[in-house]
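Peer 1: To start, I am sharing the structure in question, which I have written as structure tokens.
The values are calculated or read from the model by the stated rules, or taken from the named source; none is laboratory data. Because the structure is predicted, anything quoted here is derived from the model rather than measured. Quick reminder, even Gly has a Cβ in these numbers, built from the backbone with ideal geometry, and neighbours come from all protein chains shown. To get the accessible areas, we keep the full protein, side chains included, count just its heavy atoms, and leave off ligands, DNA and RNA. Shrake-Rupley method; radii C 1.70, N 1.55, O 1.52, S 1.80 Å.
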Amino acid sequence: MRAEKAVIPPLIQKKNSVKRRKLYLRASNMVLGLIVPVCLLIAWEVAGTMGYLNPVLLPTPSSIWKELVSMTETGELVRHLGISTWRALLGFLIGGGLGLTMGLWVGFSYKTERLLDPSFQMLRTLPHLAIAPLFILWFGFGETSKLLLIAKGAFFPLYVNTFLGIRSVDSKLFDVGQVLQFSKWQMITKLILPASLPNIFLGIRLSVSVAWLGLVVAELMGSSAGLGYLINDARSFSLTTVVFVGIIVFAFVGKLSDSIIKLLEARALRWQDGFKGEEAK
């Protein structure tokens, strides 16, 4: 008992030391990531205050912040952000869900790959700006054309990465499954899909970012509400501060959604022991 009591405190100290080190690394990484943007903002503010920048073309960060606070207080920004978020989320669920399903289907079937993949790869190269007018002609200026445009963009990153994830699975895992006498369903759920998760999560992150890009195109082409409409309307009246507010909100929401997916990825792939860069541990 005395030996056990003597061993426990060093173990607790080691565990606390590891926690402190992780917190220190997170804090230092956060500070390191803020150095460049903070320096740029300071230089931008100083140059604008001293009159080196045209306030109509490039307003100072302080004036942009005041506009952001004003639009938030009136509720205008929240209303447009809510509409845009709903469109991006629904478009991603439609396009990403189909992309994941088709990626799994094509990845598991060689015949399906020969049948569908060439057509998908051809459609993948079509730019949003080329497709948007056609969608408007077919479906009008309503929500349908916007959602389909967002879904089109969200489909391909998840489809391609899911397909590559399945086809990149080490063939030795199949030998292991045969030795363990796994059924086909067990082979898929316990070996192939877990090994494909890194690529699938990468596809989800890319699909979310492309969904936000598709949202901007959809709302700029024709909309009466949303962040894209807000930016386009402000551009017409040369309200540069409002344009910057829309861009900043887009960047913030995009980064927030990406961080949420990265958090889910870290939890789902805790078993993975990959290289994280020097001094990352």
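Peer 1: Return the residues of the stretch 52-74 that are exposed (fewer than 11 other Cβ atoms within 10 Å of the Cβ) and touching a Ser or Thr at 6+ places or on another chain (Cβ under 9 Å); say none if nothing qualifies.
Peer 2: Scanning the stretch 52-74 gives Val56, Leu57.
Peer 1: Go through the stretch 91-107 and report how many residues are more than 13 Å from Thr162 (Cβ to Cβ) and either polar (S, T, N, Q) or surrounded by fewer than 23 Cβ atoms within 10 Å (Cβ to Cβ) (or both).
Peer 2: 2
Peer 1: Also: With the condition kept exactly as written, say whether any residue in the stretch 137-147 is out of contact with any Asp or Glu (no Cβ under 9 Å at 6 or more places or on another chain) and modelled with pLDDT of 85 or more. Explain how you work it out, then say what you get.
Peer 2: Taking the stretch 137-147 first, the residues out of contact with any Asp or Glu (no Cβ under 9 Å at 6 or more places or on another chain) are 137-145, 147.
Filter once more, keeping what is modelled with pLDDT of 85 or more: 147.
Yes - at least one qualifying residue is present in the stretch 137-147.
Peer 1: Got a sec? Which of Gly228, Gly246, Gly177 is under 22 Å from Trp138 (Cα atoms), assigned to a helix (DSSP H, G or I) and open to solvent by less than 30 Å² (accessible area, probe 1.4 Å)?
Peer 2: None of the others qualify; the one that does is Gly228.
Peer 1: Evaluate the following for Ser207: is it surrounded by 17 or more Cβ atoms within 10 Å (Cβ to Cβ) and not hydrophobic (A, V, I, L, M, F, W, C)? If you could, list the steps in order and put the result at the bottom.
Peer 2: On the way: surrounded by 17 or more Cβ atoms within 10 Å (Cβ to Cβ): yes; not hydrophobic (A, V, I, L, M, F, W, C): yes.
Criteria met by Ser207.
Peer 1: Could you go through the stretch 36-51 and let me know if any residue there is at pLDDT 80 or above, open to solvent by less than 100 Å² (accessible area, probe 1.4 Å) and assigned to a loop (DSSP other than H, G, I, E, B).
Peer 2: Yes, some residue in the stretch 36-51 is at pLDDT 80 or above, open to solvent by less than 100 Å² (accessible area, probe 1.4 Å) and assigned to a loop (DSSP other than H, G, I, E, B).
Peer 1: Which one of these is exposed (fewer than 14 other Cβ atoms within 10 Å of the Cβ) and of a type in the set (A, V, I, L, M, F, W, C): Leu116, Leu137, Leu147?
Peer 2: Working: Leu116 fails: exposed (fewer than 14 other Cβ atoms within 10 Å of the Cβ); Leu147 fails: exposed (fewer than 14 other Cβ atoms within 10 Å of the Cβ).
Matching residue, one of Leu116, Leu137, Leu147: Leu137.
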